[in-house]
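Notes follow the structure.
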Amino acid sequence: MADFSQSSTISITCPKGITPYLEQELIALDFPIVKKRLAGIETKGTLNDCMLLNLSLSTAHRVHYQLKHFPCNNADELHEEVISIPWENYIDKHGYVSITSFIKNKSITNTQFANLKVKDAIVDRIRRTRGTRPDSGPNLNKSVVFLFWKGNQATIYLDTSGESISRRGYKVDNHTASMQETLASAIILAGKWEPDQHFINPMCGSGTLAIEAALKALNRAPGQLRPNYGIKHILGFDEEVWTKLRSEIKSKNEKELKARIIATDNDPKAIQAARKNAKTAGVEHLIDFEVCDFSETEVPDGKGVIVVNPPYGDSLGRDEQLDELYRSIGDFFKQKCSGKWGYIFSGNFEMLKKVGLRSNQRIELYNSTIEARLAEYELY
């Protein structure tokens, strides 16, 4: 069985541009920052630490635990290196394994070929040592092995997350093209909101920003909602340790909000979806939902932030309509939101110029492959 107390390199992936906020989270959890990349961070820790990271991180995609790093020039060398790893200590002979990869090597034109080489090495090794072999396929709900191969250097990891940990488990209704949970969390962390301040989210769509704010306000680990992770399928996984860790994390949760969270949208179906998602996340009773135009959103007295994610252009059609929308957001900020911080997240840089306010900063983030900016406004 795997030694869950053995330290190794842990590579944590995240969306492009979100590394600074992942770094914030890791520092708060007392993990060292070994190396920063455009879309991830390397730290050190054990498989037991990977349990904590999967449950706690809100801006990460996957938590990879390194098994072996080696020079590798071609597929035959890859097979020889992978088959030398004692897979019988990690993967059940009656289990299921999936291979994922990132490959930039001139000898490999088809990543599936390299994945097949890794899979063959794993199952051959387990068959040789245990007399039978695990099943394999594309599903990420059991054991997952990740190959990172760049140039003549390769690394094999256990993917302790399996499915991306951005999939919290509360998205039961995606009425509109909803924001990914990791991006919503990064937007919140990038701004000046504190849990004792109001969080106001006009144009809330499926409710991701408001739900992520509620989870943060309650100090609730985002991974607590999800029952399955890749780490649970590694030989040596201790259910008692997992249950104790979850209980310790839960004991730090707040029971009530210190300020209000307000989410509005002019589409009744969007609010219906947001309510369903919030209910699944266990925070519906803490968010004030309302169907109304963004300009009619209630803005309570006291410190707080207003976060708006307006359309970028495709869904509204004519530029005149988009111009008017962004100008109206600027008017809403100026007329109703004084004393607070305003944020507009948009992939349309030209439209941000129509807001009519000078931004304090424009933070570079990405909505999937779309380069975007989080524009911050101090509202007097």
Using alpha-carbon coordinates, inclination of helix 208-217 to the longest axis of the chain, degrees: 80
So, counting K/R as plus one and D/E as minus one, what does the shell of residues with Cβ under 12 Å around SER206 add up to? -1
Out-of-range pairs (alpha-carbon distance over 23 Å; input LYS269/LYS334; LYS255/LYS340; LYS258/LYS279; LYS93/LYS119): LYS269/LYS334; LYS255/LYS340
Would you mind checking which residues have amide H under 5 Å from GLN153's amide H? H placed 1.01 Å from N; only 5 or more apart, or other chain. CYS72
Would you mind checking the tilt of helix 268-281 against the longest principal axis of the Cα atoms of the chain, expressed as 0 to 90 degrees and rounded to 10? 50
In the range 8-159, what % of DSSP beta bridges are antiparallel (nearest 5)? 70
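Count the net charge of all other residues whose Cβ sits under 15 Å from the Cβ of SER107, scoring Lys and Arg as +1 and Asp and Glu as -1.
It works out to a net charge of 0.
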At 7 Å along Cα-to-Cβ for each site, give me the label-to-label distance between GLU320 and HIS285 in nm. 5.0
Please turn the phi angles of the range 323-333 into ³J(HN,Hα) values with the Karplus equation 6.51 cos²θ - 1.76 cosθ + 1.60 (θ = phi - 60°), one per residue in order, whole Hz, x for glycine and proline. 3, 5, 4, 5, 4, 5, 4, x, 5, 4, 4
Value of [θ]222 nm, deg cm²/dmol, for the chain, DSSP H segments ≥ 4, -39500 (n - 2.57) each, nearest 500: -9500 deg cm²/dmol
Read phi for every residue in the range 360-372 and hand back ³J(HN,Hα) as whole Hz from Karplus 6.51 cos²θ - 1.76 cosθ + 1.60, θ = phi - 60°, with x for Gly and Pro. 6, 7, 10, 8, 7, 9, 10, 9, 6, 9, 8, 5, 9
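Around GLY17, under 11 Å between beta carbons, what's the net of Lys plus Arg minus Asp minus Glu among the other residues?
0
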What are the extents of the Cα atoms of the chain along their three principal axes, in Å, largest first? 72, 46, 36
Taking amide H positions as placed 1.01 Å from N in the peptide plane, with prolines and chain starts having none, which residues 5 or more places from SER136, or on another chain, fall under 5 Å of its amide H? VAL97
Would you calculate the separation in nanometres between label points at ASN139 and LYS244, each defined as 7 Å from the Cα along the Cα-to-beta-carbon direction? 3.2
Within the chain, percent of DSSP bridges classed antiparallel, to nearest 5: 60
Farthest positive-ward along the chain dipole, Cα basis, beta-carbon charges - from SER166, HIS233, SER247: HIS233
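Every number in this text was worked out from the coordinates using simple rules, so none of it is lab data. Quantities reported herein were computed from a predicted structural model and do not represent experimental measurements. Reconstructed Cβ throughout: ideal geometry from the backbone, glycine too, with neighbour counts over all protein chains shown.
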